Amino acid sequence: MNLVTGFLGVGKTTALLKLLADKPADEYWAVVVNEFGEVGIDGATLSGDGGDAVQVAEVPGGCICCTTSPMLRVALGKIAKGGIERKRPDRLLIEPSGLGHPAGIVDLLRDPMVASAYELHAVVTLLDPRHLDDSRYTGNETWRDQIELADVLVLNKADLAEAVQIDRALKLGDALFPPKLAVVTAVKGAFDAALLDLALDASRWPDAPQPHQHGLAAQTSLAPRRKSRDVVAEPVSWPIRKTQSSLGSHSCGWIYPPDAMFHSAALAALFEQLSDPVALGLQGLSRAKGVFHTERDWYRFDWVDGMPGATVSAYRRDSRFEVIVDAATPPDWAALEAAIAVALIA
């Protein structure tokens, strides 16, 4: 079992997709995905590309080290009992939210109940070398702790970084103590899967798990909650909107039915517009991602560090979109929802 960490937009899902694509054909793997928001974009992407030899479990809406740790325990228990054809996975990969603190997650994974079913190997952390020049990252405690607590540091997106940025990141990794088991560069998340077999460096962790708290705000959802005594299914009102607030960040996600179709050009324009924080009232926007059924095909759209992008998606169950904003209070999501509605094909 490995924990694959890294801050928002660093390329964790892309790295997992590469690992799954290159895994031995005779092995059955499982992936647990924890997203800060509620609609599960990354889990959808992995389940769409993973095939029958991969089991994907999602733990949405908060950090698995505290808020949703009971859900993680349940997911791990189900996977341990066997997924496809009641078969235990040959390897388990856990992708926490980019806002998740690795210490609390590792403490949970070292708990005797979990450790009896899984052996935790090296913690792999992805780092974008360009972020060393951005105080939004370097001033963030979770970002720094993710790097400090990594056994293996993967300098991802090396093709987009300047040589001086890569050199600075390499020197940072080499200077950390305890020493990293490995510091490597990667392009599009591709790193040697043999690094996953390295043993967890016990010197990074206390002998016993430590108390861990985030002081999280209560999560909220605009979707109506059905009381347990209700027996009549309520009609679904589309789109389903879900929100989450904690750690000084706020997310909002929308889910649309599979027959909803979007104009690809309108979506591309919308993701370009995200670079103007005033246009849609999204000051502090840090991440946007979505999977959409368009008139051309199914596409995954991403907005990271001010750069929009799109690629064909294997996930085709429904359309979904989510943004994360760093701000003191959540924005009014109405303007963004209206902009998405404009992209819908009537």
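The values are calculated or read from the model by the stated rules, or taken from the named source; none is laboratory data. Treat the numbers as computed from the prediction; the structure is a model and nothing was measured. Note that each Cβ is placed from the backbone with ideal geometry, even for glycine, and that neighbours are counted across all protein chains shown. In case anyone asks, the SASA skips ligands and DNA or RNA and just uses the protein heavy atoms, side chains included. Shrake-Rupley method; radii C 1.70, N 1.55, O 1.52, S 1.80 Å.
Cβ separations smaller than 6 Å between residues 6+ apart or across chains give the following pairs from segment 173-201 residues that are in contact (Cβ under 8 Å) with a residue 60 or more places away in the chain to residues that are basic (Lys, Arg): Gly189/Lys18; Ala190/Lys18. For segment 2-45, filtered to residues that are closer than 17 Å to Ile105 by Cβ and in contact with a Cys (Cβ under 8 Å, 6 or more places away or on another chain), the residue that is modelled with the highest pLDDT is Asn34. Considered as a group, the residues in segment 235-268 that are β-branched (Val, Ile, Thr) and more than 26 Å from Val312 (Cβ to Cβ) include one that is least open to solvent (accessible area, probe 1.4 Å), and that residue is Thr243. Would you check if Ser313 is under 23 Å from Leu160 (Cβ atoms), within 22 Å of the chain's Cα centre (by Cα) and surrounded by 14 or more Cβ atoms within 10 Å (Cβ to Cβ)? So Ser313 passes the test.
Residues considered: Leu99, Leu72. Of these, the only one that is open to solvent by less than 20 Å² (accessible area, probe 1.4 Å), in a helix (DSSP H, G or I) and at pLDDT below 85 is Leu72.
Here the condition is being surrounded by 19 or more Cβ atoms within 10 Å (Cβ to Cβ), over 17 Å from the mean Cα position of the chain (by Cα) and on the phi < 0 side of the Ramachandran plot; of Asp111, Asp128, Asp151, Asp134, it holds for Asp151 alone. Among all positions in segment 281-292, there is at least one residue which is over 19 Å from the mean Cα position of the chain (by Cα), more than 16 Å from Ser313 (Cα to Cα), buried (at least 17 other Cβ atoms within 10 Å of the Cβ) and not aromatic (Phe, Trp, Tyr). Among the conditions (1) out of contact with any Leu (no Cβ under 8 Å at 6 or more places or on another chain); (2) at pLDDT below 90, Val54 misses just one, which is (1). Segment 134-186 holds no helices (runs of 4 or more DSSP H) entirely within its bounds that carry 1 or more residues that are in contact with a Ser or Thr (Cβ under 9 Å, 6 or more places away or on another chain), modelled with pLDDT of 90 or more and acidic (Asp, Glu).
Against the test of being in a loop (DSSP other than H, G, I, E, B) and out of contact with any Lys or Arg (no Cβ under 7 Å at 6 or more places or on another chain), the options Pro330, Pro308 yield a single qualifying residue, Pro330.
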